[in-house]
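Please read the structure below before turning to the comments.
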Protein chains: 2
Amino acid sequence: MSNQMTIYDISKKAGVSIATVSRVLNGSTNVKPRTKKKVMDIIEQYGYKPNAFARGLGLNSMKTIGILCADASDLYLAKAIYYIEQNLRENGYHSVLCCTGYEMASRKDSLNLLLSQHVDSVVMVGSNFIMNNAEDNQYVKDAAATVPIMLLNADFDCSNVYCTLCDDYKATQDATEKMLDAGMQNILYLYNSNSYSGLKKLAGYQNALLTHDIPLKKELQQCFKGSHEDIDGVKNFVDHIYKKGIRFDGIVTSDDFLAVGAMNFARANNINVPGDLQIIGYNNSILTLCSEPDISSVDNRLEDMCIQLVKTLIGTLSQNEMPQKTIFSGELIKRGSTSF
Amino acid sequence: MSNQMTIYDISKKAGVSIATVSRVLNGSTNVKPRTKKKVMDIIEQYGYKPNAFARGLGLNSMKTIGILCADASDLYLAKAIYYIEQNLRENGYHSVLCCTGYEMASRKDSLNLLLSQHVDSVVMVGSNFIMNNAEDNQYVKDAAATVPIMLLNADFDCSNVYCTLCDDYKATQDATEKMLDAGMQNILYLYNSNSYSGLKKLAGYQNALLTHDIPLKKELQQCFKGSHEDIDGVKNFVDHIYKKGIRFDGIVTSDDFLAVGAMNFARANNINVPGDLQIIGYNNSILTLCSEPDISSVDNRLEDMCIQLVKTLIGTLSQNEMPQKTIFSGELIKRGSTSF
DNA sequence: CTGAAAGCGCTAACAG
DNA sequence: CTGTTAGCGCTTTCAG
């Protein structure tokens, strides 16, 4: 019953006009305290709730933000979503979630779906929304013509697009250099994405080697194509590389699940970690705590990034001038899988 | 530009009335093919998209479902959200996500927030929305007066509330019995929630012991209060129990992270798994694959449940009579942490 | 098969 | 300080 009531019903019962009810509802100051109380009482009494659609139609906004991500069940993305949703809600915004998968076409579809829903902005969570060629990124540009676009973990120069990211290039370079400094000679780089950010990480690895005058070897840069759930697949993948005679004394990865797979490979082959093989993960997720030894990993300050992203978003929606790019630094969390 | 267009603009350009445009938009059959094409062409040409708010106001629905969950970064819940969102989208519904945390007050607030948004239904993901006393569950009843409520992993008898769950009682009982049959005498039960479902699992454990004429011991039923991220905390928790002199040759848990913590405890104390200690997790998450040996775990067919839940939801919204309760059976996935 | 017109419930000028 | 009124853009009778 109660939520069938309209502002008209309330105005009648309170003996005022709908405008006054609306004012009370929206906290306008220009209402006499007494009438305000009278109206409030009626609202309270009947449990009246304003109709969100009508309000949305009038204001052309329902205070809703679209969250786009490839896969909400990915450990890292799930955390990001959690932080972002929470911060948005604290700022009075709702979150419409839309998981796109990893196909380009469905990314575009999902984005359009959100836009047709009239969201106030779209947050793209994860590096895989920006590819390494302009054509594939056109859909972001197009969307930015309608609403501000917030990118987490991606870097894209475009008006009305705001990026919050970690310097993955530097973080990977640092991690690799620490390994090199500790004496490792043959470092395998294991990654799973060719997104813009994925290639940045790879470049960080490469640059670390070059800085140390170590030639790059193609066979030491391996891309695993499987799912982030397929730890066994990773293990077999590394095993396969190893069985081909390729040798390495260190492994730097672009994601913790790859590091876990590498760890399982080592155990299966009686390779001592960190004695004979050192391993570094990325994202500092719970996965790093599950194996023995536990796994060193790059923490890229996800929560800080999410908080910042929402701040920037809210600022933008409030017509404030906001920085288009905010860059955090990653930090290697040292655990048992490395000895430095 | 394009999405500023209204149905009026289109009707003018097509030389028809807005009613006709609306009919075309909604696929009404009563439109002459030729006019239909004419209108479609204009719509196409100008990239017109109907205003979702206006439509929502008219139809009193924006085809949006609220998803409530304690913590979208929890491995299990994140997966559930992923499956549900995907299935909803395939059925033309959007998902508004709202993470409530584990406090009762904020559960109610979040629910009200969703209802004030005029969602068509609310899905509550996770057992912790139903407590073991009627008073605490009143808020669900109240909400059900407005929209259908879908419960995943919880059991609650109430009109307009639909439950999709796994028989956690039986699954835990089975797992415990298998351990008993394999000869374990002192089985520690490790859990972390007093939700209705949490207590069901506990009862399953207890019943298994009783069936085998083994007296229940309080010190063998331990509730870990920490976060699902705190694997080290779990390890210390079990360690503390052990150091108190309490002995066990098997551990059954209510969540995989507890099993991983138990595994780490065993390793730290040089207790052989599964030789001297067998461990069973719950949820069959990726965590079971990270340690050596890998961990046996109860799979409760999350994806099937989610698919079913959405089917039931869609049916209900289409005014079909749907079953109020759908119960799946869990299945123990045997891995290296058990020897049976 | 098509058009006119009455809402849907709220916000925001504009008057008073 | 309060009321009147004109939209917001779409759906849906009801006539024709």
Taking the Cα centroid of the range A:110-189 and of the range A:52-102, what is the distance between the two, rounded to the nearest whole Å? 18 Å
First obtain the Kirkwood hydrodynamic radius of the range A:1-58 from its Cα pairs, then insert it into the Stokes-Einstein equation at 4 °C and 1.567 mPa s, and state the resulting D in µm² per second as a whole number. 114 µm²/s
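Carbon and sulfur atoms: what percent of the 1.4 Å accessible area of the protein assembly as shown do they account for? Kindly include the intermediate steps, with their values, before the conclusion.
Numbers: 13620 of 28960 Å².
With neighbouring chains kept in place, the figure for the protein assembly as shown is 47 percent.
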Label zone at B:LEU216 (point 7 Å along Cα-to-Cβ), backbone N below 12 Å, the range B:169-206: B:199-206
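Charges only on Cβ, +1 for Lys and Arg, -1 for Asp and Glu: so what's the dipole of the range A:83-212 about the Cα centre, in debye to the nearest 20? Each step should come with its number before you reach the end.
On the way: 8 positive and 15 negative charges, 22 e Å.
In total the dipole reaches around 100 debye.
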Where nothing but the Cβ of Lys and Arg (+1) and of Asp and Glu (-1) is charged, how large is the charge dipole of the range A:168-299 around its Cα centre, in debye to the nearest 20? 480 debye
Mean ellipticity per residue at 222 nm, deg cm²/dmol - from DSSP H runs of n ≥ 4 across the protein assembly as shown, formula -39500 (n - 2.57): -14000 deg cm²/dmol
Taking chain A as a Gaussian network, Cα atoms linked when under 10 Å apart, which of A:ASP255, A:ASP74, A:ASP41 shows the biggest mean-square fluctuation? A:ASP41
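Can you give the Kirkwood hydrodynamic radius for the range A:137-233, in Å, rounded to one decimal and based on Cα pairs? Let's see the in-between values first.
On the way: mean 1/r = 0.0653 Å⁻¹.
About 15.3 Å for the range A:137-233.
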Pull up all non-local amide H partners of A:SER296: gap of 5 or more, or a different chain, and H-to-H distance under 5 Å with H placed in the peptide plane. A:GLY281, A:ARG335, A:GLY336, A:SER337, A:THR338
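How big a patch of accessible area, both sides summed and in Å² to the nearest 100, lies buried between A and B at a 1.4 Å probe?
Details: alone 16670 and 16690 Å², together 28960 Å².
Using a 1.4 Å probe, the pair buries roughly 4400 Å².
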Once the label point is set 7 Å along the Cα-to-beta-carbon vector, what list of distances in nm do you get between A:LYS49 and its counterparts in the other copies? 2.7
Occluded residues from the range A:284-299, i.e. those whose accessible area drops by 30 Å² or more once the chain is not alone (1.4 Å probe): A:ILE286, A:LEU287, A:LEU289, A:CYS290, A:GLU292
Per-selection metrics, the range A:168-299 (Cα): Rg and Dmax in Å: 13.1, 36
Whose amide H sits under 5 Å from the amide H of A:SER121, counting only residues 5 or more places off or on another chain, with H placed in the peptide plane? A:GLY66
Taking the convex hull of the Cα atoms, report for chain A its projected area averaged over all directions, in nm². 20.9 nm²
With Cα springs under 10 Å, the Gaussian network model of chain B assigns the largest mean-square fluctuation among B:GLY281, B:GLY92, B:GLY47 to B:GLY47
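To the nearest µm²/s, what D does Stokes-Einstein give for the protein assembly as shown at 37 °C and 0.692 mPa s, using the Kirkwood radius over alpha carbon pairs as Rh?
On the way: Rh = 27.5 Å.
Rounded to a whole number, D works out at 119 µm²/s.
Mind checking the dipole of the protein assembly as shown: about its Cα centre, +1 per Lys or Arg Cβ, -1 per Asp or Glu Cβ, Debye to the nearest 20?
On the way: 66 positive and 74 negative charges, 590 e Å.
The dipole of the protein assembly as shown has a size of about 2840 debye.
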One decimal, nm, nearest first: from A:PRO215 to the same residue in each other copy, label points 7 Å out along Cα→Cβ, the values are 7.5
Does the range B:56-135 come out rounded, prolate or oblate by the C-alpha gyration tensor, with a ≥ b ≥ c the root eigenvalues, rounded set by a/c under 1.5 and, if not, prolate when a/b is larger than b/c and oblate if not? oblate
Taking a point 7 Å out from Cα toward Cβ as the label site, list the nm distances between A:GLU321 and the same residue in every other copy, smallest first. 6.7
Provide the per residue accessible area, probe 1.4 Å, for the range A:168-299, rounded to a whole number of square angstrom. 38 Å²
Rounded to the nearest 10 degrees, what's the angle between the helix A:75-90 long axis and the longest principal axis of chain A, both from Cα atoms, 0 to 90? 20 degrees
Once you average over the residues of A:49-62, how many Cβ atoms of partner chains fall within 10 Å of each Cβ? 5
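The values are calculated or read from the model by the stated rules, or taken from the named source; none is laboratory data. None of these values were measured; they are calculated from a predicted model. So basically every Cβ, Gly included, is an ideal-geometry build from the backbone, and we count neighbours across all protein chains shown. The accessibility values were calculated without ligands, DNA or RNA, using every heavy atom of the protein model including side chains. Shrake-Rupley method; radii C 1.70, N 1.55, O 1.52, S 1.80 Å.
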